[in-house]
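> One structure coming up, written as structure tokens, with questions to follow.
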Amino acid sequence: MYEKMINLLRRFGVEAEASKVFHEYVPEDKLLDFDGIIVADSKIPSRPIEKTEKLKIIQKFGVGVDNIPVELCKNRQIYVCNIPGINSLDVAEFTLAAILSILHRIRERDHMARKAEWSARPKVLSERLTGKIVGIIGFGRIGRQVAMLLKPFKVKILVYDPYVSDETIRNAGVERSERLEQLLKVSDVVTIHTPLTEETRHMIGWRELNIMKRNAILVNTSRGAVVDEEALYRVIKSGRLKSAHIDVWSIEPVPKSNPMLKLRRVQLSLHQASWSVNFFTEAAEFCVENIMRVFKGQKPLNVVWEVMH
């Protein structure tokens, strides 16, 4: 990822450097040095944004911009851009894979096979996805891709997203849940694809988790703070939910002390749902092209405050 973007920028005669170390915050001096920044998950602090005289664009290597002070950048006339759409299929395929892996107990069967526990096979039975009810929270690009991939399984798809039109719901061939509680009560699988905002922070908490169908599955590939992680840990540990796949975390990088890491009944990944060779290639090219548009005096694509409103 880094090398490709560096090489592309240098071909345009741009001086570029990359940090391969994940920092919780981008070092403040770096923000003062550069005309443009491409950032993935590191947080952009506000103070240097207020001071910088050089910075023209912050290009997100991804979709969510909750790690960037967008309003401050807008006020300082610093473009903030993302790349929605490029990773939608990757996240949707990952979501489907996570659901199927849990239902068909792939991890347990792999573990059993490596120990050659042939006689234990009857203890590890799977469940079909076909015929189940799947609830999708958030019906943007990724949510719609998930629905499309689920169609061949003949599942009933419920959607909760108060900001999506009835026409979009109709065209996708899914059913709207007017209330989140309604979706949670009946869904066998709940998958989350909503951005992190003040409205969605901890939208799935202790109360919502206990409304969910007993033995249901929860998949979160959106943002960690959309789910109350402590509440989810308690509910999973109690055995009320069958399992969960957690790709995103309330604190990233996730600390080794996080108790969720010790729960055997959950599947875990490290904010990697979109990480495919295809996505990295396409995203790197887009980020460089957008940076160069600004350096040439042109307006960049996907300015977030224009897309959001």
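The values are calculated or read from the model by the stated rules, or taken from the named source; none is laboratory data. Model, not experiment: these values are computed from the prediction. Counting neighbours? That spans all protein chains shown, and the Cβs are built from the backbone with ideal geometry, glycine included.
> May I ask you to list the residues in the range 171-185 that are surrounded by fewer than 16 Cβ atoms within 10 Å (Cβ to Cβ) and not charged (D, E, K, R)?
Result: Asn171, Gly173, Gln182.
> Can I ask one more? Just to be sure I understand, how many residues within the range 60-71 are surrounded by 21 or more Cβ atoms within 10 Å (Cβ to Cβ) and outside any loop (DSSP other than H, G, I, E, B)?
1
> Cβ-Cβ distance below 6 Å, separation of 6 or more or different chains: which pairs start in the range 285-301 with a residue that is crowded, with 16+ Cβ neighbours inside 10 Å and end on one that is among the basic types (Lys, Arg)?
Close Cβ pairs satisfying both conditions: Val294/Lys56; Pro300/Arg293.
> Shifting gears a bit: Out of (1) within 22 Å of the chain's Cα centre (by Cα); (2) touching a residue at least 60 places away in the same chain (Cβ under 8 Å), what's the single condition that is false for Tyr79?
(1)
> A further question on this structure: Would you confirm, using the coordinates I've provided, whether Glu252 is within 25 Å of Leu158 (Cα to Cα) and among the acidic types (Asp, Glu)?
no
> Shifting gears a bit: Mind listing whichever residues of the range 119-164 are at positive phi and surrounded by 21 or more Cβ atoms within 10 Å (Cβ to Cβ)?
Residue satisfying the conditions is Gly138 alone.
> Exactly one of (1) closer than 17 Å to Ala92 by Cβ; (2) surrounded by 20 or more Cβ atoms within 10 Å (Cβ to Cβ) is unmet by Thr168. Its number?
Only one criterion in (1) closer than 17 Å to Ala92 by Cβ; (2) surrounded by 20 or more Cβ atoms within 10 Å (Cβ to Cβ) is unmet by Thr168, namely (2).
> Given (1) under 25 Å from His193 (Cα atoms); (2) surrounded by 17 or more Cβ atoms within 10 Å (Cβ to Cβ); (3) modelled with pLDDT of 90 or more, where does Thr52 come up short, assuming only one miss?
(1)
> As an exercise: evaluate Ile251 against (1) hydrophobic (A, V, I, L, M, F, W, C); (2) at pLDDT 95 or above; (3) exposed (fewer than 15 other Cβ atoms within 10 Å of the Cβ) and give the number of the one condition it does not meet.
Going through the list (1) hydrophobic (A, V, I, L, M, F, W, C); (2) at pLDDT 95 or above; (3) exposed (fewer than 15 other Cβ atoms within 10 Å of the Cβ), Ile251 breaks only (2).
> Quick test of your reading of the structure: His104 fulfils all but one of (1) touching a helix residue (DSSP H, G or I) at 6+ places or on another chain (Cβ under 9 Å); (2) surrounded by 16 or more Cβ atoms within 10 Å (Cβ to Cβ); (3) over 30 Å from Glu198 (Cβ atoms). Name the failing condition by number.
Against the list (1) touching a helix residue (DSSP H, G or I) at 6+ places or on another chain (Cβ under 9 Å); (2) surrounded by 16 or more Cβ atoms within 10 Å (Cβ to Cβ); (3) over 30 Å from Glu198 (Cβ atoms), His104 comes up short only on (1).
> Are any residues in the range 31-59 part of a strand (DSSP E or B), in contact (Cβ under 8 Å) with a residue 24 or more places away in the chain and within 17 Å of Val294 (Cβ to Cβ), and if so, which ones?
Gly36, Ile38, Val39, Ile57, Gln59
> With the requirement that a residue be part of a helix (DSSP H, G or I) and either surrounded by 23 or more Cβ atoms within 10 Å (Cβ to Cβ) or in contact with a strand residue (DSSP E or B) (Cβ under 8 Å, 6 or more places away or on another chain) (or both), what does the range 72-89 give you?
If the condition is that a residue be part of a helix (DSSP H, G or I) and either surrounded by 23 or more Cβ atoms within 10 Å (Cβ to Cβ) or in contact with a strand residue (DSSP E or B) (Cβ under 8 Å, 6 or more places away or on another chain) (or both), then Cys73, Lys74 are the ones that fit.
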